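These notes are about the structure you will find just below.
The values are calculated or read from the model by the stated rules, or taken from the named source; none is laboratory data. Because the structure is a prediction, the values reported are computed rather than measured. Heads up, the Cβs are rebuilt from the backbone with ideal geometry, glycines too, and the neighbour counts pull from every protein chain shown. Accessible surface areas use protein heavy atoms only, side chains included; no ligands, DNA or RNA. Shrake-Rupley method; radii C 1.70, N 1.55, O 1.52, S 1.80 Å.
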Amino acid sequence: MFGLMMDRPLLLSSLLEHAEQQYSDVEIVSRETHGDLFRYTYRDLARRARQLANALAALGMASGSRVATLAWNNHRHLEAYFAVSGSGAVLHTCNPRLHAEQLAYILNHAEDDIVLFDSTFLPLVEAVAPMCPGIRAFVLMTDEAHMPAQSKLQGLLCYETLLATQGDAFTWPEFDERTASSLCFTSGTTGNPKGVLYSHRSTMLHSFALTMPDTLSLSVRDCVLPVVPMFHVNAWGIPYAAPMNGCKLVLPGPRLDGASLFELMEAEGVTCSAGVPTIWLGLAQFMESQGLKPSTMRRSVVGGSAMPQSLIRDFAEKFDVEVRHCWGMTETSPLGTQGVPLAKHAALDAEQQYALRSKQGRAVFGVQLKVVDIDGNALPRDGKSAGELMVRGPWIVSEYFKGEKPALRDGWFPTGDIATIDADGTMQITDRVKDVIKSGGEWISSIDLENAAIAHPALAMAAVIGVKHPKWDERPVLCAVKKPGHEIDEAALLEFLGGKVAKWWLPDQVIFVDSLPMGATGKIQKMDLRQKYADILCGDAVTSNVSTSP
Ligand code: AMP
């Protein structure tokens, strides 16, 4: 017997309609790409999203079309989130830190029709456009006053001019809640980037989870600042959860340094925020150097990489900010776990509590976790038995875009992370099976770097490993074996790699070795290299090939 309740679809457009009706004058503050602060309300957002939906429809966007964005966290990007998905099309948020060729690959693979982009990325889009003949329209997300005098892009359109030609009457269509809403590629595995295709249903359920008291705990009294990019897993779902709960939303645009973030938080009364550890390190260093403390910020959700215990302590003791350590992936929408201690942990001393908070936390309701051995057998929840972390739930990927299977095992998604789970369900990441490096929250493919390096005629072998770095969490180090009779030094090798990979991918150090440790099956034993060189980037004089957030 079925229940007799209304079968209303969970659609993202309902968030916008709700915010327009319930929180019409709640503010959204956005740092424009050229620097000014822009402010408006949920009422304005809803009106302009409808205008944009009309404008994109006039450009040929239809149900299922893919519309790409290359944009910072700002109000126009937010409008695109709702205009595209709300119309039944798919918002493909692209990571502008990708190398032009990788970007061209994902734009072509997604079969994007229209690209909306911020002026910062004009040179990148101009470089990519000739490789993407399928794109029909390029829209610069700015007004006429900031349009370039000339561009290599034929028929470049101006976002504000497009909107000005459209009325704001538009009825959001109703469709199946399983319809695709957005697409985000991840390079956190080997091979080409893979697309994770979220649905309206998965995103809505994820928004409810994000809102719960031990995750972001969002309320109408909150002012939330997502530092995590809107091009990375939908800014962890905050652009949806904020209108759901009527929070004031503060979008930081391109300014992600500690000083700018602090200034914005203070000026706008931000109460909670979300981002990767590198961002919080920058903010902590700035506040400490200036003797400052946030006056309204009370909690911050941190994930994407492990949050160091010392930083969790600093935020609590020096700045009165509670750090909530979360784990997740592009494939998990991303919320998987949250690390708020249980009631029984109140008796622990401060240091024990920080240690607990530095683990990756317990599964949020809706997500199931287990760790398995190499044969797929579930391991005990004893906090000691480490195995591959498996996950399942209604906002976890089932297969990648265009049918690339993520090889679910018995209906569980293998994360590529190695973890333990204890009797309370607290999960701790201990290692990673996937051969990638995470720098400042962004992936670097060790395999792509190795392939680029080995193309040098003087090299016989190359292995790239991720090495602990005090600022970026991990940075790449290249271990290279020269061919007999050939000479090459670090500078020449880095210069050779320079044109082939993004600058922030360049290894922080090249170590020339006589041979690389090989396993029985002929594979390079990277674990040995990682152990041997674990601390080489942790000295005082460490510099990096990245100077700003990568
Ligand atoms: P992404 O798909 O880019 O969001 O990356 C997901 C991966 O980042 C996970 O599989 C982990 O390897 C890593 N990750 C995410 N959150 C954490 C965390 N809190 N601690 C350690 N690693 C994390």
Considering the range 1-37, residues that are within 23 Å of the chain's Cα centre (by Cα) and part of a strand (DSSP E or B), and then whichever is surrounded by the fewest Cβ atoms within 10 Å (Cβ to Cβ), we arrive at Val29
Residues of the range 514-535 being open to solvent by 60 Å² or more (accessible area, probe 1.4 Å) and not small (Gly, Ala, Ser), in sequence order, are Asp514, Met518, Thr521, Lys523, Gln525, Met527, Asp528, Arg530, Gln531, Lys532, Asp535
The correct count of residues that are touching a strand residue (DSSP E or B) at 6+ places or on another chain (Cβ under 9 Å) and either without any contact (Cβ under 8 Å) to a residue 12 or more places away in the chain or not aliphatic (A, V, I, L, M) (or both) in the range 222-242 is 10
If we keep only residues of the range 1-34 that are at pLDDT 95 or above and in contact with a Ser or Thr (Cβ under 7 Å, 6 or more places away or on another chain), then the residue nearest to Pro254 (Cα to Cα) is Ile28
Among residues of the range 305-345 being more than 10 Å from the ligand (Cβ to nearest atom), in contact (Cβ under 8 Å) with a residue 40 or more places away in the chain and of a type in the set (A, V, I, L, M, F, W, C), the residue nearest to Thr211 (Cα to Cα) is Leu335
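Would you mind finding the one in Thr415, Thr420 that is more than 10 Å from the ligand (Cβ to nearest atom), assigned to a strand (DSSP E or B) and among the polar types (S, T, N, Q)? Don't jump to the end; show me each part of the working.
Values: Thr415 fails: more than 10 Å from the ligand (Cβ to nearest atom).
Only one candidate passes the filter, namely Thr420.
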For the range 423-451, the count of residues that are within 19 Å of the chain's Cα centre (by Cα) and assigned to a strand (DSSP E or B) equals 10
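Before we move on, is Leu369 farther than 19 Å from Thr186 by Cα, open to solvent by 20 Å² or more (accessible area, probe 1.4 Å) and either within 16 Å of the ligand (Cβ to nearest atom) or modelled with pLDDT of 95 or more (or both)? Quick ask: steps written out before the conclusion?
Working: farther than 19 Å from Thr186 by Cα: yes; open to solvent by 20 Å² or more (accessible area, probe 1.4 Å): no; either within 16 Å of the ligand (Cβ to nearest atom) or modelled with pLDDT of 95 or more (or both): yes.
No; evaluated as a whole, the condition is false for this residue.
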Filtering the range 78-101 down to residues that are open to solvent by 10 Å² or more (accessible area, probe 1.4 Å) and assigned to a helix (DSSP H, G or I) yields Ala100, Glu101
*Kindly check whether there is at least one residue in the range 47-58 that is open to solvent by less than 40 Å² (accessible area, probe 1.4 Å) and over 18 Å from Leu116 (Cβ atoms).*
no
Q.
Looking for something open to solvent by 60 Å² or more (accessible area, probe 1.4 Å), part of a strand (DSSP E or B) and either over 29 Å from Ala306 (Cα atoms) or not polar (S, T, N, Q) (or both) - is there at least one such residue anywhere in the range 495-513?
A. yes
Contact list, first residue from the range 450-474 and in contact (Cβ under 8 Å) with a residue 24 or more places away in the chain and within 25 Å of Gly539 (Cα to Cα), second anywhere and surrounded by fewer than 21 Cβ atoms within 10 Å (Cβ to Cβ) and of a type in the set (Ser, Thr, Tyr), beta-carbon distance below 7 Å, six or more apart or interchain, is Ile465/Tyr533; Val467/Tyr533; His469/Ser544; Lys471/Ser544; Trp472/Ser544; Asp473/Ser305
In the set Pro380, Pro308, Pro277, the lone residue that is under 20 Å from the mean Cα position of the chain (by Cα) and open to solvent by 50 Å² or more (accessible area, probe 1.4 Å) is Pro308
Within the range 256-272, of all residues that are over 19 Å from Glu322 (Cα atoms) and part of a loop (DSSP other than H, G, I, E, B), the one least open to solvent (accessible area, probe 1.4 Å) is Leu256
Residue set Thr203, Thr186; condition β-branched (Val, Ile, Thr), modelled with pLDDT under 95 and in contact with a helix residue (DSSP H, G or I) (Cβ under 9 Å, 6 or more places away or on another chain); output residue Thr186
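Among the residues of the range 67-77, write down those that are surrounded by 24 or more Cβ atoms within 10 Å (Cβ to Cβ) and not in a loop (DSSP other than H, G, I, E, B).
To start, the set of residues in the range 67-77 that are surrounded by 24 or more Cβ atoms within 10 Å (Cβ to Cβ) comprises 67-73, 76-77.
Scanning the range 67-77 gives Val67, Ala68, Thr69, Leu70, Arg76, His77.
In the range 241-252, is there at least one residue being outside any loop (DSSP other than H, G, I, E, B), more than 16 Å from the ligand (Cβ to nearest atom) and among the β-branched types (Val, Ile, Thr)?
Step one: list which residues in the range 241-252 are outside any loop (DSSP other than H, G, I, E, B), which gives 241-245, 248-251.
Going one step further and asking which of them are more than 16 Å from the ligand (Cβ to nearest atom), we end up with 241-245, 248-251.
Among the residues that remain, those that are also among the β-branched types (Val, Ile, Thr) are: 250.
Looking for residues that are outside any loop (DSSP other than H, G, I, E, B), more than 16 Å from the ligand (Cβ to nearest atom) and among the β-branched types (Val, Ile, Thr), one finds at least one in the range 241-252, hence yes.
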Test: Arg324 is under 25 Å from Val364 (Cα atoms), buried (at least 17 other Cβ atoms within 10 Å of the Cβ) and charged (D, E, K, R)
yes
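Take the conditions within 16 Å of the ligand (Cβ to nearest atom), surrounded by fewer than 17 Cβ atoms within 10 Å (Cβ to Cβ) and of a type in the set (Gly, Ala, Ser) and apply them to Gly425. Does it pass? Give the derivation first.
Working: within 16 Å of the ligand (Cβ to nearest atom): yes; surrounded by fewer than 17 Cβ atoms within 10 Å (Cβ to Cβ): yes; of a type in the set (Gly, Ala, Ser): yes.
In short, yes.
Can you confirm whether the range 322-336 contains a residue that is more than 21 Å from the chain's Cα centre (by Cα) and modelled with pLDDT of 95 or more?
Taking the range 322-336 first, the residues more than 21 Å from the chain's Cα centre (by Cα) are 322.
Adding the requirement that they be modelled with pLDDT of 95 or more leaves 322.
There is at least one residue in the range 322-336 that is more than 21 Å from the chain's Cα centre (by Cα) and modelled with pLDDT of 95 or more.
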- request: Could you tell me whether the range 293-304 includes any residue that is open to solvent by 10 Å² or more (accessible area, probe 1.4 Å) and within 11 Å of the ligand (Cβ to nearest atom)?
  value: yes
Flagged pairs (Cβ under 6 angstrom, 6 or more apart or on separate chains; first in the range 173-186, closer than 17 Å to Tyr400 by Cβ; second within 16 Å of the ligand (Cβ to nearest atom) and in a loop (DSSP other than H, G, I, E, B)) are Phe185/Pro193
In the range 430-477, residues that are open to solvent by less than 40 Å² (accessible area, probe 1.4 Å), over 25 Å from Ala386 (Cβ atoms) and more than 15 Å from the ligand (Cβ to nearest atom) total 8
